[in-house]
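For reference, the structure discussed in these notes is given below.
The values are calculated or read from the model by the stated rules, or taken from the named source; none is laboratory data. Bear in mind the structure is a predicted one, so any value in this text is a computation, not a measurement. Cβ atoms come from the backbone with ideal geometry, glycine included; neighbour counts cover every protein chain shown.
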Amino acid sequence: MNQGYFISFEGIDGSGKSTQAKRLAQYLTDQGHQVVLTREPGGSIGAEEIRALVLQGDPDRWSAETEILLFTAARRDHMERTILPALAAGKIVITDRFADSTRMYQGLSRGDLRGLVDRLHDMMIPRDPDCTILIDMDPDVGLTRAKSRHGTEERFEDFGVDLQRQMRQGFLALAREFSDRFHVIDGMQDETAVHDDVLRKMTALIQ
Ligand code: TYD
């Protein structure tokens, strides 16, 4: 039976991963694959409602522990309603952010809560990505880009550049920890060069 293929994109705010996830989805669709492009927090009706709760408002709106519960609840709904059904139908699922974002943003931002993130993940999230593309980016450049969007979803961008620096190093450490599924791409190149790097990694993995 076809198992489908599950890809996540990760990176700091403004790394360009959303653009790259879209471009990969378009490329694979053009190649004749059935592709579901989704995002976190969100990706299902319930999880999109939780998205508004976690991304809008004051940076101290939630404690880190409460946030971990909210992100994990959103992910569980996203899994049940979007990701697992698509994989069962043999589709390629591409998600813009997944559990590695919780490991970094909630696991690192206010003390070391990585153990809690991992415990909840192991209890509640039945499937990990087959492949994770990390778009690595200088946080000063990334944050300028992210801020220029002037959105309402700025809770984490408001944490500032020091946290984004910590996050970049954290993502690179995660890539070493989960080296079997992580692929690190240099996000400082122009958009098409990044896309070509992503394709080079992916064509080796997807026939
Ligand atoms: P996203 O929509 O990917 O924003 P961007 O395109 O700017 O990267 O993500 C929104 C924010 O949510 C981002 O600041 C990271 C944060 N986030 C967490 O803190 N924990 C999580 O588990 C996820 C999935 C996202």
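Residues that are touching a residue at least 24 places away in the same chain (Cβ under 8 Å) and under 23 Å from Glu49 (Cα atoms): find the helices (runs of 4 or more DSSP H) completely inside the range 90-207 holding 3 or more of those.
Output list reads 99-108, 114-124.
Quick one: Ile185 ticks every box in (1) loosely packed, with under 12 Cβ neighbours inside 10 Å; (2) under 14 Å from Ser8 (Cα atoms) except a single one, so which number is it?
Single failed check for Ile185: (1).
This table checks each residue for (1) out of contact with any Asp or Glu (no Cβ under 7 Å at 6 or more places or on another chain); (2) free of Cβ contacts under 8 Å to residues at least 24 places away in the same chain; (3) surrounded by fewer than 19 Cβ atoms within 10 Å (Cβ to Cβ).
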{"site": "Tyr5", "(1), (2), (3)": "no, no, no"}
{"site": "Glu10", "(1), (2), (3)": "no, no, no"}
{"site": "Gly14", "(1), (2), (3)": "yes, no, no"}
{"site": "Lys17", "(1), (2), (3)": "no, no, no"}
{"site": "Ala21", "(1), (2), (3)": "no, no, no"}
{"site": "Ala25", "(1), (2), (3)": "yes, no, no"}
{"site": "Gly32", "(1), (2), (3)": "yes, yes, yes"}
{"site": "Ile45", "(1), (2), (3)": "yes, no, yes"}
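Only one residue in Glu48, Glu65 is out of contact with any Phe, Trp or Tyr (no Cβ under 7 Å at 6 or more places or on another chain), at negative phi, more than 12 Å from the ligand (Cβ to nearest atom) and assigned to a helix (DSSP H, G or I). Which one?
Going through Glu48, Glu65 in turn, just one is out of contact with any Phe, Trp or Tyr (no Cβ under 7 Å at 6 or more places or on another chain), at negative phi, more than 12 Å from the ligand (Cβ to nearest atom) and assigned to a helix (DSSP H, G or I): Glu65.
Of (1) in a loop (DSSP other than H, G, I, E, B); (2) within 23 Å of Ser179 (Cα to Cα); (3) among the charged types (D, E, K, R), Asp60 satisfies all except one. Which?
With (1) in a loop (DSSP other than H, G, I, E, B); (2) within 23 Å of Ser179 (Cα to Cα); (3) among the charged types (D, E, K, R) applied to Asp60, the lone miss is (2).
Does the range 49-71 include one or more residues that are of a type in the set (A, V, I, L, M, F, W, C) and closer than 30 Å to Ala204 by Cβ?
Within the range 49-71, not a single residue is of a type in the set (A, V, I, L, M, F, W, C) and closer than 30 Å to Ala204 by Cβ.
In the range 42-64, which residues are touching a Lys or Arg at 6+ places or on another chain (Cβ under 6 Å) and farther than 10 Å from Asp77 by Cβ?
Result: Leu55, Pro59, Ala64.
Mind checking whether some residue in the range 81-98 is crowded, with 21+ Cβ neighbours inside 10 Å, among the polar types (S, T, N, Q) and within 10 Å of the ligand (Cβ to nearest atom)?
Yes - at least one qualifying residue is present in the range 81-98.
Can you tell me which of (1) more than 14 Å from the ligand (Cβ to nearest atom); (2) closer than 21 Å to Gln164 by Cα is the one Glu40 doesn't meet?
Evaluating Glu40 over (1) more than 14 Å from the ligand (Cβ to nearest atom); (2) closer than 21 Å to Gln164 by Cα leaves (1) as the failure.
Within the range 11-18, can one find any residue that is of a type in the set (A, V, I, L, M), within 10 Å of the ligand (Cβ to nearest atom), closer than 24 Å to Arg145 by Cα and in a helix (DSSP H, G or I)?
No: zero hits.
Out of all the residues in the range 13-51, which are among the polar types (S, T, N, Q) and under 15 Å from Arg81 (Cα atoms)?
Thr38, Ser44
Kindly list the number of the only condition in (1) modelled with pLDDT of 95 or more; (2) surrounded by fewer than 19 Cβ atoms within 10 Å (Cβ to Cβ); (3) aromatic (Phe, Trp, Tyr) that fails for Trp62.
All conditions are met except number (1).
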